[in-house]
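The values are calculated or read from the model by the stated rules, or taken from the named source; none is laboratory data. This is a predicted model, so every value here is computed, not measured. When we count neighbours, we look across all protein chains shown, and the Cβ atoms used for this are built from the backbone with ideal geometry, even at glycine. Accessible surface is based on the protein model in full, side chains and every heavy atom, while ligands, DNA and RNA are left aside. Shrake-Rupley method; radii C 1.70, N 1.55, O 1.52, S 1.80 Å.
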Amino acid sequence: MPRLDDHFWSCSCAQDARHRGRPAARAGGLAAKVGAMITSSVARPSLRAAHSAPHTDPARGPRSPGEGARGQGSGSGHATSWHHHLLQRSLVLFSVGVVLALVLNLLQVQRNVTLFPEEVIATIFSSAWWVPPCCGTAAAVVGLLYPCIDSHLGEPHKFKREWASVMRCVAVFVGINHASAKLDFANNVQLSLTLAALSLGLWWTFDRSRSGLGLGITIAFLATLITQLLVYNGVYQYTSPDFLYIRSWLPCIFFSGGVTVGNIGRQLAMGVPEKPHSD
């Protein structure tokens, strides 16, 4: 049988060991908590630094967080400036169309080439009230269309791009219209051929672009068709019509007018910033 002192010895040793193990376990747990706190405190600044670090774009290089906002702001400002220039050009072209319509229509009415009904004749240059705004709108559309087509074709028009050349083109156009009203030929066919040669000469002298030639022909066709419809409906009429309801030289006038207004629109578009793209 074991002795009684052995029991007392074993019990006291076990209790002492248990008492010594608890502080060690507590110390280990405290050390683990301290380590976790240190690790989290080190990790948080690194995460903040990662979020605040500049974004890297493989195509454009590093970008700061505020660069995107600045880019959007500059893009909106660029769009506003482009629309402002577009409005200015439209107003200038509309004014040019109104002035040309009043002056050129005066020549036609004075020579009795164009006859308006008495009830639609206005006091300003003996022209119908709807002629100036219609011609102004057409001039604005044509003048904006020419540089737009050049931009889409990738062929910027650089031939004689100066205001002196544009003014000479306007003078030649007025001269062609004046010739159609003042010159007397044996028949309208001779007059039409002469005006056609003058119109092509105007294009060759001041334009010489494929887009200008194509747009001039398209404008002449559409304007002649609209004029035929207006005369057919009795809005006004021409004396001695030889091409259905109108005169055969009228497409030449529309062609040269389209080239002239197109040159004005191209000159106004020089130095204007390009249209902003969505990308």
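What residues qualify as long-range amide H neighbours of Gln237, i.e. H under 5 Å apart, gap of 5 or more or another chain, H built at 1.01 Å from N? For Gln237, whose amide H was placed from the backbone, the distant partners under 5 Å are Leu115.
How much accessible area per residue does the stretch 81-271 have, counting only protein heavy atoms and a probe of 1.4 Å, in square angstrom? Walk me through the numbers on the way to the answer.
Working: 9910 Å² over 191 residues.
Ligands and nucleic acids excluded, the result is 52 Å² per residue.
Sorting 175-182, 163-170 by average packing, meaning the other beta carbons within 10 Å per residue, from highest down gives 175-182, 163-170. Amide H contacts of Ala128 (H built 1.01 Å from N, in plane; Pro and chain starts excluded): Ala122 sit under 5 Å, all sequence-distant by 5 or more or on other chains.
Residues whose amide H falls under 5 Å from that of Asp242, counting only those 5 or more places apart or on a different chain, are Arg247, Ser248, with hydrogens built in the peptide plane.
Using mean Cβ contacts within 10 Å as the protection proxy, how do 135-143, 251-259, 221-229, 194-202 order, highest first?
Values: 135-143: 22.0, 251-259: 25.9, 221-229: 15.1, 194-202: 18.2.
Descending packing order for the listed peptides: 251-259, 135-143, 194-202, 221-229.
Taking the 1.4 Å solvent-accessible surface of the stretch 81-271 as the whole, the part contributed by carbon and sulfur is 69%.
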